[in-house]
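Here the structure is laid out as structure tokens; the discussion comes afterwards.
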Amino acid sequence: MNFEKEIKKLLLKEFNLKDVQLSVPPNQDMGDYSFPCFSLSKKLKKSPNEIAIEFQNKLKTTKNIKQIKAIGPYLNFYVNNSLLAEEVLIEIHKQKKKYGSSHSGKGKKALIEHTSINPNASPHVGRARNAIIGDSITRILKFEDYKTKSHYYVNDIGKQISMLSIASEGKKITFENLLDMYVDFNKKLKDNPDLEKEILANLKKLEDGDKKIKKGFKQIVDVCIRGQSRLFSELGITYDAFDYESQYLWNNKTKDILNKLKKTKKLFVDEHGRQVLDLKGYNLPMKVPVYVLTRGDGTSLYSLRDLAYTIDKLKKTRKNNFVVLGEDHKLYFNQMKTTLSLLNLPSPKMIPYSFVLLKGEDTIGKMATRKGTVVLLSDLMREAKEKAIKAIKEKRGDNYSKKKIEQLSKDIAYGAIKFSMLKVSNEKNVIFDWNSALNFEGESAPYLQYTHARASSILRKANKRINTKNISFEFKTEEENKLIKSLKQFKEIVKKSIDEQKPNYIANYLVSLSQEFNEFYHKHQVIVEDAKIMEQRIILVDSVRQVLENGLNLLGINAPCEM
RNA sequence: GGACCUGUAGCCUAGUCUGGAUAAGGCGUCAGCCUUCUAAGCUGAAGAUCCAGGGUUCAAAUCCCUGCAGGUCCGCCA
């Protein structure tokens, strides 16, 4: 049932208003919805307080709206709590793992590209933000019933690979030692500009089909992709497809695109011999509004290959096509969007996020693989897991088996890492700090997981089947009714979160739901003599547990039943 | 120089789209609560010129303008 609609109808009917905006009072004992009377003040030539009282006296309560009360200039409405409780709790009980889905993607396809880390080294924490946000959005899309495919674009032919192929000559290549090689080589490059020529020459050879170079590149990329996949799959992040950029070197798609762009009459060859698209008049904030597509020697640039790739992605899924990119790509993405529009094509939707910054001695800056100023994801994962194991042993002694500790420590550690990134909005910089990344208390994944485990524990102890037929939905306490109202909100939070591609809405919601549950837990006993009260509290606890599980899953975080 | 994002207690954040009632959490600090369903928890206290200045409005953290500070971009990189 829709209380808001009913209240609006009530107001519109009685007072002949065009439209009313309802708001929610700051706390529960002031009601569930309110109508601020300020706007009518001029028209009726009365004070808003007078209007509120007048309305209060005229309006009649209904089955759904139990009380209507003027509080100062506001007219406040109280809904029928037991009807609300019955509706919400039974819905959760029926839908279980699907509760919260609006099924808005039913019958639709979606495609999301995320992570797409350069295969040149073990990834740092900043890169992980992309993967974690992307994976969460993938999960939400699937939850909303979009037939979703996640793609990882492998930049396997860039300058960085060329650099590594030179740097690694005669050396053993492992996922772990690539970073050092890359950093060293970048230092050398600074002192020796001739190396730059060698790098480009290699790329030219590759594009001309040189087999030896091709093999060398592939070796490095394979090692990287294997290492990265292992790492991300350990985190519970997987991909439906790995798309290799190199395929756009040797197929004719890039040439086709250049031909098509020629027809727009905006393609020209500049003084360096590059093929460039003129983007004047599209309001792009650049000194020279162009999109450079090839090098002077005719080899393709990332921009051209990416264009071909994006068009391929659009062929698969024209709408609901997303790509998670760092904020540094914003302008670049607009260039591509404009170019696509010249070809009469739509653009994917960019999901931008800001960088994870690292505090230096007296500086603050983004992590740079090139400079080696990074915190590696693998190091963070290891530290977090060690901390989790220590905490489990401290708190639970020797109660858990080795196998269980292994699984639980991963759930907690990786959950904490993911949550620390998902709870802040995408566009906010995160300043990396070991303490808050490894935080297991307060607004953290372990807090939510603990709340879930606690609810699960009550249900285990109560050991009762839920039979919705006999339950009374007349909840007496403030804490219970507050929880029910929060449970009802979950669906709209999920919807908002996917509409705006912001997982942090869900993260923040779960924190406040957990806080409310823990308040309830400390104030009221669930397992009690009174069978009627116990039964209704059990379905409530089970509902909270279910919503926590569903919400955590959408963030890619496991919800253990015991911890 | 141009463009985008961010600025809220000592620290980290929510709220800003869609203006509304005492600005909401967490960390840290201080004081309490485990013989009762898991203390990774709960209760209480202290702590805020919502970056600054103008404007719009009955009403501004929220909308508009002007500054300031931090991040990002404007490449024969990806």
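The values are calculated or read from the model by the stated rules, or taken from the named source; none is laboratory data. This structure is a prediction, so every number in the text was calculated from the model and none was measured. So basically every Cβ, Gly included, is an ideal-geometry build from the backbone, and we count neighbours across all protein chains shown.
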Close pairs (8 angstrom Cβ cut-off, 6 or more residues apart or separate chains): within 16 Å of A:Y353 (Cβ to Cβ) in segment A:429-444, at pLDDT 95 or above and in a loop (DSSP other than H, G, I, E, B) anywhere: A:N429/A:S354; A:V430/A:S354; A:V430/A:V424
Which listed residue, of A:F77, A:F15, is modelled with pLDDT under 95, in contact with a Leu (Cβ under 9 Å, 6 or more places away or on another chain), more than 30 Å from A:R127 (Cβ to Cβ) and among the aromatic types (F, W, Y): A:F15
Top-ranked residue in segment A:517-537 [being more than 9 Å from RNA strand B (Cβ to nearest atom) and assigned to a helix (DSSP H, G or I); ranked as nearest to A:V494 (Cα to Cα)]: A:Q536
Test: residue in segment A:163-179 that is modelled with pLDDT of 90 or more, closer than 24 Å to A:K218 by Cβ and in contact with a Pro (Cβ under 7 Å, 6 or more places away or on another chain): no
Residue match in segment A:461-474 (condition: within 8 Å of RNA strand B (Cβ to nearest atom), assigned by TED's automatic domain parsing to the domain that holds A:V544 and touching a residue at least 12 places away in the same chain (Cβ under 8 Å)): yes
Filter result for the condition that a residue is out of contact with any Cys (no Cβ under 8 Å at 6 or more places or on another chain), polar (S, T, N, Q) and within 9 Å of RNA strand B (Cβ to nearest atom), over A:S514, A:S497: A:S514
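The rows are residues; the columns are (1) within 14 Å of RNA strand B (Cβ to nearest atom); (2) closer than 30 Å to A:G100 by Cβ.
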{"residue": "A:I137", "(1), (2)": "no, yes"}
{"residue": "A:I157", "(1), (2)": "yes, no"}
{"residue": "A:S162", "(1), (2)": "yes, no"}
{"residue": "A:E176", "(1), (2)": "no, no"}
{"residue": "A:D191", "(1), (2)": "no, no"}
{"residue": "A:L203", "(1), (2)": "yes, no"}
{"residue": "A:K215", "(1), (2)": "no, no"}
Members of segment A:287-330 that are part of a loop (DSSP other than H, G, I, E, B), in contact with a helix residue (DSSP H, G or I) (Cβ under 7 Å, 6 or more places away or on another chain) and within 7 Å of RNA strand B (Cβ to nearest atom): A:D297
Hits in segment A:91-118 (condition: in the same structural domain as A:K147 (by TED's automatic domain parsing) and polar (S, T, N, Q)): A:T115, A:S116, A:N118
Subset of segment A:118-144 [closer than 27 Å to A:I311 by Cβ and more than 16 Å from the chain's Cα centre (by Cα)]: A:N118, A:P119, A:N120
Count - residues of segment A:467-478 that are of a type outside the set (F, W, Y) and buried (at least 17 other Cβ atoms within 10 Å of the Cβ): 1
Condition met for A:K204 (at pLDDT below 90, over 29 Å from A:A308 (Cβ atoms) and assigned to a helix (DSSP H, G or I)): no
Tabulated pairs, segment A:173-189, first within 13 Å of A:Q160 (Cα to Cα), second basic (K, R), C-beta under 9 angstrom, 6+ apart or interchain: A:M181/A:K171; A:Y182/A:R370; A:V183/A:R370; A:V183/A:K371; A:N186/A:R370; A:N186/A:K371
Of the criteria (1) more than 22 Å from the chain's Cα centre (by Cα); (2) farther than 13 Å from A:S543 by Cβ; (3) among the β-branched types (V, I, T), which one A:T115 fails: (1)
Single condition A:K262 does not satisfy, out of (1) touching a strand residue (DSSP E or B) at 6+ places or on another chain (Cβ under 7 Å); (2) outside the structural domain of A:K142 (by TED's automatic domain parsing): (1)
Those residues of segment A:57-107 which are within 16 Å of RNA strand B (Cβ to nearest atom) and on the phi > 0 side of the Ramachandran plot, in sequence order: A:G72
Residue match in segment A:226-238 (condition: modelled with pLDDT under 95, part of a helix (DSSP H, G or I) and not hydroxyl-bearing (S, T, Y)): no
